[in-house]
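Worksheet for the structure shown next.
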Amino acid sequence: MEEHIYVVNQTMELSDCKNDWFFDEKYKCWCLEDILYTDKATTPKFQRLSIFVPEPYMKKNGEIDPDATMNGYNASNVPVIFENNSAGYMQMPHVWLEGPRCYAHQYLEKGYVYVTCGNRGSESKDKNGEWCGKSPANLVDLKTAIRFLRHNADCIPGCLDRIISVGWSAGGAMSTLLGVTGNHEDFIPYLEENGAFMEERDDVYASQIYCPIVDLEHADLAYEWMFHEDKENEASPAGPAGTMTPFQIALSAKLKERYIAYFNSLELVNPDDHTALRLDEDGRGGAGYDYLMEKLNASATDFLRRLAAGKLPEKYSPQDYLTGNYEYETMAPMGGGEPEKEEADLMQGHAGPGVALRRGPEKDSEGEGRPAEKPSLGDMVSRPPKGEPYEAFEPPMIRVKGEDKQEWLKWDGSKAEISDLDTYVLKHRRRMKPCTSFDTLSMDSGENRVFGMPEKHFMHFNGEIAEAIKELEKEFPEEYQKYYKAYQAVDGDEALARRIYLINPFNYIGASEKSDDAKYFRIRVGASDADTSLSVNMTLALKLAAAGKPVDYALVWDKPHCEADYPGEVCDWIEKICK
């Protein structure tokens, strides 16, 4: 039985939906939900958005109040937060107030208009069962939605020249891309096919970027540069826990070498003094390495100063933190050897820490007792039909004693210093993914899937891995026979190269091709984020700065892969750039 997808609008004109706005008493905002933003939707469940407007700016029946104000804004100049819900390059829905992965409250409290947007993803299928969400569909949907909003500007409070893009993980990548590819001609044919309003614009004013998963064709190299010394990986969205084989250890070393060469080829410079940032021969020295360590030290310093001043929820002292004399709550270890539990845990990893996932059906929709098709993460965090409860299971949490950090983290009362990156990894933030981490040996990652095509669901995409395996042929002949040809097939595939190019923001930053870039960028990454190498987001910040973009970049201590930030600071930034 086909799932019924509710859509509030029967046309692309929001003027036809004036009577569909309703008021939410708890959040004190007007709501227009489940809006289809393209009349050529192939997966309408995920090609919808919702709009939430603080109470003063509207009256009943969708009438805009031009005279009302809130926090110094009015209906014509208030910023519009455009938050995409992308995760793992998968199909994801728009969110609802109090639903999972909803961060609306902090923005509505400040008086901002809030838009939440869903999108197709790597596992999306159209009504004919054809794959329709491969690269760059995710980004194209978000651009289509922004053009839809501008087409309906007269019906929506807010300044659509002050759109603030927000997203984390793959959503952070999308927020970056929205900031650096505004109105770029590369996306015109995709937008036309997707039913976008071609007379409208898709640029944004600013991009808030959390924990972005970018530069995918070099992500495997970067990961091994950072985590090479750690031979074990935890259970994660990338797969079960394990210990690397001798072949993987040798491959890790080869990829690390390639990353050093790649990083140095970028010719990055320190934005403060314009000196060259390079890695030395073993990757654990040079100005490039020192710059990352400075960012990690600054992150620890900021945290410990806040802790000492009593500005954090944690109530222990910096000394307690350093000696491990405290407890904290964290998610229970994944897996435990039960396949069904491990699969649920992996979904949880993509959803984010503490996100309650909806329970999937145990029987098929006809109720005949057959096992149901496994729901995607997008299905698991989708709002159920009206009248049905969101039956969620909370991720199991446990209390854990803190670790003694005095061996590698020093604190003199005003400044923190980490001994070195390898000790930080081995003692504090262990490897999450095996080698290879993105373009996996088994070709089963979300990244393998997003670069697939209708006739081939998963594809390798990193030719440098083939070159590294070739160098290991004599030492590991069995692995060479097993993996080399599949990776080597990447070379010469122009259509694949194009799919990769279109969703790597590095290709557009400072490029000669014309795009209308965001005026401001803010990047926040958890210092305990091991979904990708910390050097990747550092490189993103450096490339933006080199291109003359105002970029506010920092690591947030002990935060994992999430919307890593201190409370209220993203809104402080928005106030700064909008007033």
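The values are calculated or read from the model by the stated rules, or taken from the named source; none is laboratory data. These numbers were taken from a predicted model, which means no experiment stands behind them. Because the Cβ atoms are built from the backbone with ideal geometry, glycine has one as well, and the counts that use them run over all protein chains shown. The accessibility values were calculated without ligands, DNA or RNA, using every heavy atom of the protein model including side chains. Shrake-Rupley method; radii C 1.70, N 1.55, O 1.52, S 1.80 Å.
Take the conditions surrounded by 22 or more Cβ atoms within 10 Å (Cβ to Cβ) and outside any loop (DSSP other than H, G, I, E, B) and apply them to Gly172. Does it pass? So Gly172 passes the test.
Tell me the residue from Tyr73, Tyr27, Tyr57 that is of a type in the set (Ser, Thr, Tyr) and either open to solvent by 30 Å² or more (accessible area, probe 1.4 Å) or closer than 22 Å to Gly133 by Cβ (or both), please. Walk me through how you get there before you give the answer.
Details: Tyr73 fails: either open to solvent by 30 Å² or more (accessible area, probe 1.4 Å) or closer than 22 Å to Gly133 by Cβ (or both); Tyr57 fails: either open to solvent by 30 Å² or more (accessible area, probe 1.4 Å) or closer than 22 Å to Gly133 by Cβ (or both).
Result of the check over Tyr73, Tyr27, Tyr57: Tyr27.
Can you tell me which residue is farthest from Tyr501 (Cα to Cα) among those in the stretch 121-147 that are open to solvent by 10 Å² or more (accessible area, probe 1.4 Å), charged (D, E, K, R) and in contact with a strand residue (DSSP E or B) (Cβ under 9 Å, 6 or more places away or on another chain)? Among them, the one singled out is Lys125.
Here Asp422 passes the criteria (1) over 23 Å from His228 (Cβ atoms); (2) in a helix (DSSP H, G or I) except the one numbered (1).
For (1) open to solvent by 10 Å² or more (accessible area, probe 1.4 Å); (2) under 30 Å from Asp439 (Cα atoms); (3) more than 26 Å from the chain's Cα centre (by Cα), each residue gets a yes or a no:
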{"site": "Gly242", "(1), (2), (3)": "yes, yes, no"}
{"site": "Leu251", "(1), (2), (3)": "no, yes, yes"}
{"site": "Ala261", "(1), (2), (3)": "yes, yes, yes"}
{"site": "Val269", "(1), (2), (3)": "yes, yes, no"}
{"site": "Asp272", "(1), (2), (3)": "yes, no, yes"}
{"site": "Asp280", "(1), (2), (3)": "yes, yes, yes"}
{"site": "Ser317", "(1), (2), (3)": "yes, no, yes"}
{"site": "Thr330", "(1), (2), (3)": "yes, yes, no"}
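Please specify each residue of the stretch 466-519 satisfying the condition of being aromatic (Phe, Trp, Tyr) and in contact with an Asp or Glu (Cβ under 8 Å, 6 or more places away or on another chain).
First, pick out the residues of the stretch 466-519 that are aromatic (Phe, Trp, Tyr): 476, 480, 483-484, 487, 501, 506, 508.
Across the stretch 466-519, the qualifying residues are Tyr480, Tyr484, Tyr487, Phe506.
Considering only residues that are charged (D, E, K, R), part of a helix (DSSP H, G or I) and out of contact with any helix residue (DSSP H, G or I) (no Cβ under 6 Å at 6 or more places or on another chain), which ones fall in the stretch 175-219? Give the derivation first.
Residues of the stretch 175-219 that are charged (D, E, K, R), as a first pass: 185-186, 192-193, 199-203, 215, 217.
From what's left, part of a helix (DSSP H, G or I): 185-186, 192-193, 217.
Selection gives Glu185, Asp186, Glu192, Glu193.
For the stretch 142-151, the criterion of being outside any helix (DSSP H, G or I), in contact (Cβ under 8 Å) with a residue 40 or more places away in the chain and not small (Gly, Ala, Ser) is met by none of the residues. Among the residues of the stretch 233-240, are any modelled with pLDDT of 95 or more, under 18 Å from Met432 (Cβ atoms), of a type outside the set (Lys, Arg) and open to solvent by less than 40 Å² (accessible area, probe 1.4 Å)? No, the stretch 233-240 contains no residue that is modelled with pLDDT of 95 or more, under 18 Å from Met432 (Cβ atoms), of a type outside the set (Lys, Arg) and open to solvent by less than 40 Å² (accessible area, probe 1.4 Å). Scanning the stretch 282-296 for residues that are open to solvent by less than 30 Å² (accessible area, probe 1.4 Å) and part of a helix (DSSP H, G or I) gives Gly288, Tyr289, Tyr291, Leu292, Met293, Leu296.
Say we look at the stretch 491-515 and pick out the residues that are of a type in the set (Asp, Glu) and within 20 Å of Ala137 (Cα to Cα); which of these is most open to solvent (accessible area, probe 1.4 Å)?
Taking the stretch 491-515 first, the residues of a type in the set (Asp, Glu) are 491, 493-494, 513.
Okay, now just the ones that are also within 20 Å of Ala137 (Cα to Cα), so 493-494.
Values: Asp493: 45, Glu494: 154 Å².
Ranking the qualifying residues of the stretch 491-515, first place goes to Glu494.
Scanning the stretch 1-53 for residues that are modelled with pLDDT of 95 or more, in a loop (DSSP other than H, G, I, E, B), in contact with a Pro (Cβ under 8 Å, 6 or more places away or on another chain) and of a type in the set (A, V, I, L, M, F, W, C) returns Val7, Phe46.
Cβ separations smaller than 7 Å between residues 6+ apart or across chains give no pair from the stretch 512-535 residues that are farther than 11 Å from Gly172 by Cβ and at pLDDT below 95 to residues that are of a type in the set (Gly, Ala, Ser) and outside any loop (DSSP other than H, G, I, E, B). Among the conditions (1) touching a Leu at 6+ places or on another chain (Cβ under 6 Å); (2) in contact (Cβ under 8 Å) with a residue 60 or more places away in the chain; (3) not small (Gly, Ala, Ser), Glu13 misses just one, which is (1). Close contacts from the stretch 226-248, counting a first residue that is among the β-branched types (Val, Ile, Thr) and a second that is in a strand (DSSP E or B), with Cβ to Cβ under 6 Å and a gap of 6+ residues or different chains, come to Thr243/Glu232. Among residues of the stretch 409-433 that are touching a residue at least 60 places away in the same chain (Cβ under 8 Å) and within 13 Å of Leu322 (Cβ to Cβ), those with a Cβ under 7 angstrom from a residue that is open to solvent by less than 30 Å² (accessible area, probe 1.4 Å) and among the β-branched types (Val, Ile, Thr), sequence gap 6+ or separate chain, pair up as Leu409/Ile418; Ala416/Thr301.
In the set (1) within 19 Å of Tyr37 (Cβ to Cβ); (2) touching a Gly at 6+ places or on another chain (Cβ under 7 Å), Lys256 fails one condition alone, (1). Of the residues making up the stretch 11-47, those that are under 27 Å from the mean Cα position of the chain (by Cα) and β-branched (Val, Ile, Thr) are Ile35, Thr38, Thr42, Thr43.
Filtered by the rule that a residue be in contact (Cβ under 8 Å) with a residue 24 or more places away in the chain and part of a strand (DSSP E or B), the stretch 54-73 gives Pro54, Met58, Ile64, Met70, Tyr73.
Looking at the stretch 440-455, can you tell me whether even one residue there is among the hydrophobic types (A, V, I, L, M, F, W, C), open to solvent by 20 Å² or more (accessible area, probe 1.4 Å) and under 16 Å from Lys254 (Cβ atoms)?
Going residue by residue through the stretch 440-455, those that are among the hydrophobic types (A, V, I, L, M, F, W, C) are 441, 443, 450-451, 453.
Filter again for open to solvent by 20 Å² or more (accessible area, probe 1.4 Å), leaving 441, 443, 453.
If we keep only those that are under 16 Å from Lys254 (Cβ atoms) too, we end up with 441.
Yes.
Can you find, within the stretch 77-117, the residue that is nearest to Pro136 (Cα to Cα) among those that are assigned to a strand (DSSP E or B) and hydroxyl-bearing (Ser, Thr, Tyr)?
Per the stated criteria, the residue is Thr116.
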